[in-house]
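The values are calculated or read from the model by the stated rules, or taken from the named source; none is laboratory data. None of the values given here were measured: they were computed from a predicted structure. As a convention, Cβ positions derive from the backbone with ideal geometry for all residues, glycine included, and neighbour counts pool all protein chains shown.
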Amino acid sequence: MQHTLSTPICYFMRTLAPMDYLLYIKALHIIFVVCWFAGLFYIVRLFIYQAEANAKTEEEKNILIPQYQLMQRRLWYGITWPSALLTALFGFWMYAVNFSYYLQQPWMMLKLFFVGVLFVYHFRCQIIFNKMKSNSYEGKPFRLRLFNEIATLLLFTIVFLVVVKSSGSLVWGGLGLVVLAGVIMLGTFVYKKNREKKQEVE
């Protein structure tokens, strides 16, 4: 019975050519990258909402903060952490299969560096998550809004490196990221000022 159940799987694996097999791994890697970034983007938004909730009345805080903490816990441990680990698993699986090729590609070394930075960002989110869990985070929402844009810059950098596969264009790419960072910071600052004016009118 055990042999019968495993036969379709074994047959499927035997019919896959080496490159087809790698494409399945790459597809899974990309899927979990998307899920990981979605989790990182949304978790910081929840941090912002909880930080803003601390400025509300005691009755509102008693309702909002437990709800945000519940959403953070489900998102962080149900989606973001599993996606980060599976992204790393399938990514290094691809790297191991084509180790000699990737070892000669400067863009891949740079990509791995920025992925390392992304994991540092992830662990920083874990620190903030722990503080939010006990409602002891003392940073301002505006600081979290700026922090949220780091993931955007890393997303642009990693995707362009993977698609273009060129470290020779890093000068122009770096200038583009500086401009993008400036636009994001300006947009965040303008949003903050407009929000403050709206609150003053209310």
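Before moving on, here are some points about what is shown:
- Single residue of 95, 77, 101, 42 found to be closer than 16 Å to residue 144 by Cα and either aromatic (Phe, Trp, Tyr) or out of contact with any strand residue (DSSP E or B) (no Cβ under 8 Å at 6 or more places or on another chain) (or both): 42
- Which listed residue is surrounded by fewer than 13 Cβ atoms within 10 Å (Cβ to Cβ), of a type in the set (A, V, I, L, M) and more than 27 Å from residue 159 (Cα to Cα), from 70, 64, 85: 70
- Within the range 53-71, residues that are under 16 Å from residue 139 (Cα atoms) and of a type in the set (Phe, Trp, Tyr) have Cβ atoms under 7 Å from residues that are modelled with pLDDT of 95 or more and not in a loop (DSSP other than H, G, I, E, B) in no pair, counting only partners at least 6 apart in sequence or on another chain.
- Criterion: among the acidic types (Asp, Glu), assigned to a helix (DSSP H, G or I) and farther than 21 Å from residue 44 by Cα - qualifying residue of 149, 59: 59
- Residue among 64, 110, 70, 118 that is under 16 Å from the mean Cα position of the chain (by Cα), in a helix (DSSP H, G or I) and among the hydrophobic types (A, V, I, L, M, F, W, C): 118
- Failed condition for residue 166, given (1) of a type outside the set (Val, Ile, Thr); (2) at pLDDT below 90; (3) assigned to a helix (DSSP H, G or I): (3)
- Residue 114 satisfies every condition listed in (1) modelled with pLDDT of 75 or more; (2) out of contact with any helix residue (DSSP H, G or I) (no Cβ under 7 Å at 6 or more places or on another chain) except (2).
- Any chance residue 171 is over 19 Å from the mean Cα position of the chain (by Cα), among the hydrophobic types (A, V, I, L, M, F, W, C), surrounded by 10 or more Cβ atoms within 10 Å (Cβ to Cβ) and at pLDDT below 85: no
- Among the residues of the range 88-133, those identified as without any contact (Cβ under 8 Å) to a residue 12 or more places away in the chain, hydrophobic (A, V, I, L, M, F, W, C) and under 20 Å from residue 48 (Cα atoms) are 120, 123, 127.
- Pick from the range 4-40, criterion surrounded by 10 or more Cβ atoms within 10 Å (Cβ to Cβ) and among the polar types (S, T, N, Q), ranking: modelled with the lowest pLDDT: 6
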